[in-house]
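Asks: Pasting a structure below so you can have a look.
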Amino acid sequence: MNLLEILNLDISFPGRAGRVQASYGANLEIKQGEVLCLVGESGCGKTILALSIMGLLPQNARINGKILFNGQNLFSLQKKEMRKIRGREIAMIFEQPASCLNPVLGVGEQIAEAIRIHENCSRKVSRKRAVDMMGLVGIPSPHRRYCQYPHEFSGGMAQRVMIAMALVFRPLLLIADEPTTALDVTIQAQILDLLESLITQFNTALLLITHDLCVAARMGNRVAVMYAGGIVEKGQLNDVFKAPGHPYTQALVKAASNEGLVSIPESTELSLLNSGCWFHLRCPLAQEICTQKMPKMQGGVCCHLC
């Protein structure tokens with residue numbers, strides 16, 4: 001049984017030229033303890049997909065489809081029911097850790113506060129658990145640093161705080177949205193090692209969102225490639241990266257493999273895409289059918305030519 005299933009998810013927002021589709025017929029599944037990497041260029045809808053799982057989309061979002069978590073449709077839950085799941089059973093690490101932390105509250109107290117909200121325990125108990133978790137994620141002298149403020153933490157240490165906050169309840173699913181952005185290569189490796197160690201220890205499934213195929217190759221069991229709000233290819237990571245089927249995936253893999261610059265012509269305005277494959281305006285292999293009909297996923301690839 002899948003831990004998480006996203007079924008035919010459509011998400012749209014109002015725009016100047018009508019509603020803009022941010023997610024189109026997205027289908028994904030994640031099993032317990034599995035690592036799924038969601039890759040694609042900036043603006044393709046990866047974060048929107050993550051926020052929909054967390055129930056954090058803005059009110060003007062129009063949503064169709066289902067997100068099943070342990071067989072339960074998250075969209076059918078009341079806000080109070082979703083708050084019990086968010087943070088405790090499904091947790092998320094956001095792209096910019098410093099902007100997610102309260103600048104006027106000690107970082108340890110922010111972790112402890114989350115513990116008290118979900119478990120209604122004393123300050124003494126929540127403080128001890130927060131300190132223990134800070135130590136577990138590799139923050140030195142956690143007792144001393146408990147009262148320090150976010151501006152006193154480096155980018156890497158701030159990300160460790162976010163990991164501690166996300167994993168303190170040992171959730172079934174962790175969503176990590178570009179967790180290594182703006183970190184230098186050495187710190188990136190440390191953060192990825194830490195994530196890998198903790199999700200293995202807690203048997204937590206990981207949805208890792210990244211535009212970096214090297215990060216995906218380092219972490220993932222399976223990969224899903226997203227373009228213009230739709231999943232264009234998915235499968236076992238090694239299979240997809242060794243023999244990509246979709247033209248967009250082929251371009252991404254070629255660019256990441258240092259085979260020289262890859263040109264994908266003309267960026268596409270999503271509000272202008274009314275029919276056909278959403279990649280056809282940029283695809284060097286596009287044929288007439290690509291402009292008229294949206295392809296269906298077959299054999300893990302959403303393309304008329306595969």
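Asks: Would you work out if the stretch 1-103 is rounded, prolate or oblate? Take a ≥ b ≥ c from the square roots of the eigenvalues of the alpha-carbon gyration tensor; rounded if a/c is under 1.5, else prolate when a/b is larger than b/c, oblate otherwise.
Replies: Cα axes put the stretch 1-103 in the rounded bin.
Asks: When the helices in the chain are scored as -39500 (n - 2.57) per DSSP H run of 4 or longer and the sum is shared across all residues, what 222 nm value do you end up with, to the nearest 500 deg cm²/dmol?
Replies: Numbers: 12 runs with 110 residues, N = 306.
When only DSSP H runs of four or more count, the value is -10000 deg cm²/dmol.
Asks: Still on this structure: Work out how much length Gln32 to Val104 would gain on full extension: take 0.36 nm times their residue separation and subtract the Cα-Cα distance, in nm to one decimal.
Replies: So the extension gain works out to 22.2 nm.
Asks: Tell me which GluC sites (Glu not before Pro) from the stretch 174-266 have a DSSP coil assignment and no more than 10 other beta carbons within 10 Å of their own.
Replies: Listed in order of number, the matching sites are Glu259, Glu266.
Asks: Need the full-extension length gain, Glu152 to Glu95, defined as separation in residues times 0.36 nm minus the C-alpha distance. One decimal, nm.
Replies: 18.6 nm
Asks: A follow-up question, please. Which translational diffusion coefficient, to the nearest whole µm²/s, is obtained for the stretch 82-135 from the Stokes-Einstein equation, given a Kirkwood hydrodynamic radius over C-alpha pairs, 4 °C and 1.567 mPa s?
Replies: The Stokes-Einstein estimate is 108 µm²/s.
Asks: Mind listing the phi-derived Karplus ³J(HN,Hα) values for the stretch 48-59, rounded to whole Hz, using 6.51, -1.76 and 1.60 with θ = phi - 60°, and x for any glycine or proline?
Replies: Listing the rounded values in order: 4, 4, 5, 5, 5, 5, 7, x, 10, 6, x, 5 Hz.
Asks: I would also like to ask the following. Amide H neighbours of Gly235 under 5 Å, counting only residues 5+ apart in sequence or on other chains, H built in-plane at 1.01 Å?
Replies: Close amide H contacts, sequence-distant or interchain: Val223.
Asks: Could you tell me the center-to-center distance, by alpha carbons, between the stretch 95-139 and the stretch 51-82 in angstrom?
Replies: So the separation of the two Cα centres works out to 26 Å.
Asks: In Å, what is the Rg of the alpha-carbon atoms in the stretch 172-213, and how long is Dmax?
Replies: 10.5, 29
Asks: Further, regarding this structure: Using only the alpha-carbon atoms, how far is helix 247-256 inclined from the longest principal axis of the chain? Give it as 0 to 90 degrees, nearest 10.
Replies: The two axes meet at around 50 degrees.
Asks: Decide, for the stretch 111-232, between rounded, prolate and oblate: order the square roots of the alpha carbon gyration tensor eigenvalues as a ≥ b ≥ c, take rounded if a/c falls under 1.5, and otherwise choose prolate if a/b is larger than b/c, else oblate.
Replies: Since a/c reaches 1.5 and a/b is larger than b/c, the shape of the stretch 111-232 is classed as prolate.
Asks: Another question, then. So how much slack lies between Ile289 and Asp193, counting 0.36 nm per residue of separation and subtracting their Cα-Cα distance, in nm?
Replies: 30.1 nm
Asks: Rounded to the nearest 0.05, what FRET efficiency do Lys80 and Gln59 give with R0 = 25 Å and r taken as the Cβ-Cβ distance? Could you check? List each step's numbers first, then the result.
Replies: Details: r = 17 Å, r/R0 = 0.68.
Taking R0 as 25 Å, the efficiency between Lys80 and Gln59 is 0.90.
Asks: Same structure again: For the stretch 28-70, compute Rh as the Kirkwood radius over C-alpha pairs and then the Stokes-Einstein diffusion coefficient at 10 °C and 1.306 mPa s; write the answer in µm²/s, rounded to an integer.
Replies: Working: Rh = 12.1 Å.
My calculation gives 131 µm²/s for D.
Asks: List the pairs from Lys79/Lys124; Lys80/Lys128; Lys80/Lys234; Lys80/Lys124; Lys46/Lys66 whose alpha-carbon separation is above 23 Å, in the order I gave them.
Replies: Working: Lys79/Lys124 29 Å; Lys80/Lys128 27 Å; Lys80/Lys234 34 Å; Lys80/Lys124 26 Å; Lys46/Lys66 17 Å.
Result: Lys79/Lys124; Lys80/Lys128; Lys80/Lys234; Lys80/Lys124 exceed 23 Å.
Asks: Taking the 0 to 90 degree range and rounding to the nearest ten, how far is the long axis of helix 185-202 tilted relative to the main principal axis of the chain, both from C-alpha atoms?
Replies: Between the helix axis and the principal axis of the chain, the angle is about 80 degrees.
Asks: Given N residues in the chain, what is its alpha carbon radius of gyration divided by 2.2 N^0.38 Å?
Replies: Compared with the compact-globule rule of thumb, the chain sits at 1.04.
Asks: Which of rounded, prolate, oblate describes the stretch 194-243, given a ≥ b ≥ c as roots of the alpha-carbon gyration tensor eigenvalues and a/c under 1.5 marking rounded, otherwise prolate only if a/b is larger than b/c?
Replies: Values: a/c = 2.14, a/b = 1.74, b/c = 1.23.
Prolate.
Asks: Within the chain, which is the longest segment that contains none of the trypsin sites (Lys or Arg not before Pro) sitting in a DSSP loop with at most 11 other Cβ atoms within 10 Å?
Replies: Here the longest run is 17-295.
No value in this document is a laboratory result; all are computed from the given coordinates. Remember, it's a predicted structure, so these values are computed and weren't measured experimentally. FYI the Cβ positions are ideal-geometry reconstructions off the backbone, even for glycines, and counts take in every protein chain you see.
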